[in-house]
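Chemist: Structure in structure tokens, see below.
The values are calculated or read from the model by the stated rules, or taken from the named source; none is laboratory data. Keep in mind that this is a model prediction, so the values were computed, not measured. Here the Cβ is made from the backbone with ideal geometry for all residues, glycine too, and neighbour counts use every protein chain on show. Accessible surface areas use protein heavy atoms only, side chains included; no ligands, DNA or RNA. Shrake-Rupley method; radii C 1.70, N 1.55, O 1.52, S 1.80 Å.
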Amino acid sequence: MLSESGTSDAGDRIAITLTINGERRQLQVAPWTSLLDLLREELDLTGTKKGCDHGQCGACTVIVDGRRVNACLALAVMKDGASVTTIEGLSTGALHPVQAAFVEHDAFQCGYCTPGQIMSAVALIEEGRARTREEIREYMSGNLCRCGAYTNIVDAVESVLNGSSARREAAE
């Protein structure tokens, strides 16, 4: 129930525990709070973008228990006990190989979709299903890019799948 100010009464909040970017967090959330709103508005993890807020663009893609999830469609309370990785948790110092490949292949223009694209690509690679450019395109089809950097995005993902970006990083 909302108060006159539009905020939730404390009694409406539910206790949940999430491991976010490797850190176990005990949180109190309103039952209607999306995972995206929890990350952005309550935890200040703003790398995950709010695009369409309808699960159609992929800008809000995060990895939950090893699977790609549109955070705008997931209620935070339904992810109680889960492990969530956002773009902020992807690397610890040096760029993750997918991030490095996106830079190397100029796989972004405005950059708004980039966090979701990268998170989707990381999960795609970990799933081990995509082997060809056509399969990369198919499995990445839920992530939209208004700038049209799709060819470069596929190049970046393909380079990581083939190990060429990882080899270049090791050589540097």
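Chemist: Quick one, what does Rg over Rh come out to for the chain if you take C-alpha atoms and the Kirkwood Rh? Before the final figure, lay out each step's value.
Modeler: Working: Rg = 17.1 Å, Rh = 16.8 Å.
For the chain, the value is 1.02.
Chemist: Tell me the per residue accessible area of the range 45-103 using a 1.4 Å probe; a whole number in Å² is fine. Please report the intermediate quantities before stating the final value.
Modeler: On the way: 2640 Å² over 59 residues.
That works out to 45 Å² per residue.
Chemist: Now for a separate question. Which distance in nm do the two modelled labels at V103 and N162 give, with both placed 7 Å along the Cα-to-Cβ direction?
Modeler: Each label point is offset 7 Å from its Cα along the Cβ direction, giving 2.1 nm.
Chemist: Could you please state how large a percent of the accessible area of the chain is carbon and sulfur, counting protein chains only and using a 1.4 Å probe?
Modeler: 48 percent
Chemist: Here's another thing I want to ask about it. Using a Gaussian network model on the chain with a 10 Å cutoff between Cα atoms, which of N70, N21, N143 fluctuates the most?
Modeler: Answer for the Gaussian network model of the chain: N21.
Chemist: On to the next question. Name the residues of the range 41-78 whose amide N is less than 13 Å from a point 7 angstrom out from the Cα of I14 along the C-beta direction?
Modeler: 74-78
Chemist: So how much slack lies between T92 and R129, counting 0.36 nm per residue of separation and subtracting their Cα-Cα distance, in nm?
Modeler: Details: separation 37, 0.36 × 37 = 13.32 nm, distance 2.61 nm.
Using 0.36 nm per residue and subtracting the Cα-Cα distance, I get 10.7 nm.
Chemist: Using a Gaussian network model of the chain with C-alpha springs under 10 Å, which one of I125, I14, I153 is most mobile by mean-square fluctuation?
Modeler: Comparing I125, I14, I153 in the GNM, the peak value goes to I14.
Chemist: Right, next: Picking from Q117, Q99, Q56, which is most flexible by a Gaussian network model of the chain using Cα springs under 10 Å?
Modeler: The residue with the greatest mean-square fluctuation here is Q56.
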